[in-house]
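Have a look at the structure below before the remarks.
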Amino acid sequence: MYINPRVKELEVSIIRQIAQKAAKMDDVINLTIGEPDIPTPRVIVEKSIEYMKNNQLKYAPTGGLEELRIEIAKFYDEKYGIKYDKDEVLITCGSTEALSTTLKGILAKDDEVIIINPAFSLYDALVHMYDAKAVHIDVSKNDFILTSSMIEEVINEKTKAIILNYPSNPSGTILPKENIVEIANFLANKDIYIISDEIYSEVIFGKEEYYSIAKCDNVKDKVIVINGFSKSHSMTGWRIGYLLAPLNIRKELIKVNQYTITSPSTLSEYGAIVALQEVSDVSSMAEEYGRRANLVTNRLRELGFEVADAQGAFYIFANYKKFSDKDSLTFVLDILEKAKVALVPGSAFGVDGYIRVACTLSLDNLKTAMDRLEKYLNS
Ligand code: PMP
């Protein structure tokens, strides 16, 4: 049977492949998928159950429940000082669909999209699926800091968008305000979209302050913010996210959203309202991720890894070249087999020579994982 070659060429995510392999083995500490062990706050669950008992679930209005869009606009204003109207908010099925809807809506054949490696693999997959071309900037050799001169080297008339993701998956780094402003100044007169994936914006624990590029007035008309509730409120399975875009862009993207999913689950939209109204302070969760990130960073540094300075998200990205010249997939498969710790290879994010540790389990589990890794390296 004929299958769209763009789809046929895609591979199942390496992260999922390793997680599946680990799931079939006994006694593995699985630090692969970015899904925290912290449960969804109880009040969100309880109120959603009540809502479902008392209401017939119907399709949500196109674009999302108005009350949720108002809460999201309020949240961005109060939390980050960025003003969006409720009609500039589009509710999506997770931030995955927000990214997919955005790229589907703006890309045509042979357009180019700048992706900053190491990067979450979804970006490459979507760009490929929509017949466009990913152009990469590797920031791993510059302490994961992106500069406008790096963008200048790759931007051209085919460039339609650049995707930024801070705090970053997989490095946990944040771009300092000066760099964001410098990049905004450079992009201000360029005719391209800036897609800002801010899914980890509430998971900040380092000294660096989080600064969204949507705060820069000289580019706000071309910024599309991507965010959601999976990480901020541990609501991965609820599949609820959103995008923020100027009216003229949102007006087009809403068509993609509607013809793809009709609307996200009404129940999840309700749960997201409860999240913003009743669980607005998630700092204790961010602090817990901070403790985990510290433990893993310190242990890996003691062992001799070069570790990125994570300021947020819940991943640690470490260079292992001192120990091995194996490629990263071979290295993590060997660790999985011999040390029973499941990690993700840097190659899954477009840079080799690294491992990613997801700090999604308790401190005790992470300690045991680091002990096992130490034993493996000394054997
Ligand atoms: N962006 C980044 C950077 C991510 O790490 C993830 C999930 N791992 C997503 C987007 C998608 O999250 P969701 O669809 O659950 O909102």
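The values are calculated or read from the model by the stated rules, or taken from the named source; none is laboratory data. Remember, predicted model here, so these are calculated numbers, not experimental data. Positions of Cβ are generated from backbone atoms using ideal geometry, with glycine treated the same way; all protein chains shown enter the neighbour counts. Side chains included, ligands, DNA and RNA excluded: accessible areas come from the protein's heavy atoms. Shrake-Rupley method; radii C 1.70, N 1.55, O 1.52, S 1.80 Å.
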*Go through N179, M150, I213 and say which Cα lies farthest out towards the positive end of the charge dipole of segment 115-213; charges sit on Cβ, +1 for Lys and Arg, -1 for Asp and Glu.*
M150
*Per residue of segment 183-200, in order, report the coupling 6.51 cos²θ - 1.76 cosθ + 1.60 (Karplus, θ = phi - 60°) as ³J(HN,Hα) in whole Hz, putting x for Gly and Pro.*
5, 4, 4, 5, 7, 3, 9, 9, 8, 9, 7, 10, 9, 10, 7, 10, 4, 9
*Could you calculate the contour length gain from F323 to E46, that is, 0.36 nm times the residue separation minus the distance between their Cα atoms, to one decimal place in nm?*
94.8 nm
_Accessible-area value, S265, 1.4 Å probe, nucleic acids and ligands omitted, Å²_ = 60 Å²
*asked:* Once you order the gyration tensor axes a ≥ b ≥ c over the Cα atoms, which shape class does segment 61-184 get: rounded for a/c under 1.5, otherwise prolate or oblate by comparing a/b with b/c?
replied: oblate
*Environment charge of I273, counting only residues whose C-beta is closer than 12 Å and scoring Lys/Arg +1, Asp/Glu -1*: -2
*asked:* Just to be sure I understand: of the beta bridges DSSP finds with both ends in the chain, what percent are antiparallel, rounded to 5?
replied: 45 percent
*Can you pull out the chymotrypsin sites (Phe, Trp or Tyr not before Pro) in segment 27-130 that DSSP calls coil and that have at most 14 other Cβ atoms within 10 Å?*
Y59
*Tensor-based shape of segment 1-111 (alpha-carbon gyration tensor, a/c under 1.5 rounded, otherwise prolate or oblate)*: oblate
*asked:* Just to check I understand the Karplus step: with θ = phi - 60° and J = 6.51 cos²θ - 1.76 cosθ + 1.60, what whole-Hz values come out for segment 42-54, glycine and proline as x?
replied: 3, 4, 5, 5, 4, 5, 5, 4, 4, 4, 5, 5, 9
*Count of lysine pairs in segment 1-125 with Cα separation under 23 Å (8 or more residues apart, or interchain)*: 9
*Please give every one of the aspartates and glutamates within straight-line cross-link reach of K220, meaning a C-alpha to C-alpha distance under 19 Å, and leave out same-chain neighbours fewer than 8 residues apart.*
D77, E78, D85, D87, E88, E178, E182, D191, D197, E198, E252
_So the label point goes 7 Å from the Cα of T260 along Cα→C-beta, right? Which residues of segment 75-112 then have their backbone N under 12 Å from it?_
91-107
*Enter the accessible area of T260 (Å², nearest 10), with the probe set to 1.4 Å and all protein chains included.*
90 Å²
*asked:* Ignoring GluC sites (Glu not before Pro) that are buried or in helix or strand per DSSP, and keeping those with at most 13 other beta carbon atoms within 10 Å, what is the longest stretch of the chain between them?
replied: 210-379
*Given the options D327, D124, D26, state which has the largest fluctuation in a GNM of the chain using a 10 Å cut-off (strictly under) for Cα springs.*
D26
_Using only the alpha-carbon atoms of segment 103-150 as identical scatterers, what base-10 log of I(q)/I(0) does the Debye formula give at q = 0.18 Å⁻¹?_
-0.57
*asked:* Run lengths n ≥ 4 of DSSP H only: what is the helix-derived mean residue ellipticity at 222 nm for the chain, with -39500 (n - 2.57) per run over all residues, to the nearest 500?
replied: -13000 deg cm²/dmol
*To the nearest Å, what is the center-to-center distance of segment 199-239 and segment 335-379, using C-alpha atoms only?*
27 Å
*Evaluate 2.2 N^0.38 Å with N set to the residue count of segment 311-379, then give the Cα radius of gyration divided by it.*
1.06
*How would R239, R292 line up by accessible area, probe 1.4 Å, largest first?*
R239, R292
*Add +1 for every Lys or Arg and -1 for every Asp or Glu among the other residues with Cβ under 11 Å from the Cβ of Y84, and state the total.*
+2
*Quick one: if you stick a label point 7 Å off each Cα along the C-beta vector at D138 and D281, how many nm between them?*
4.5 nm
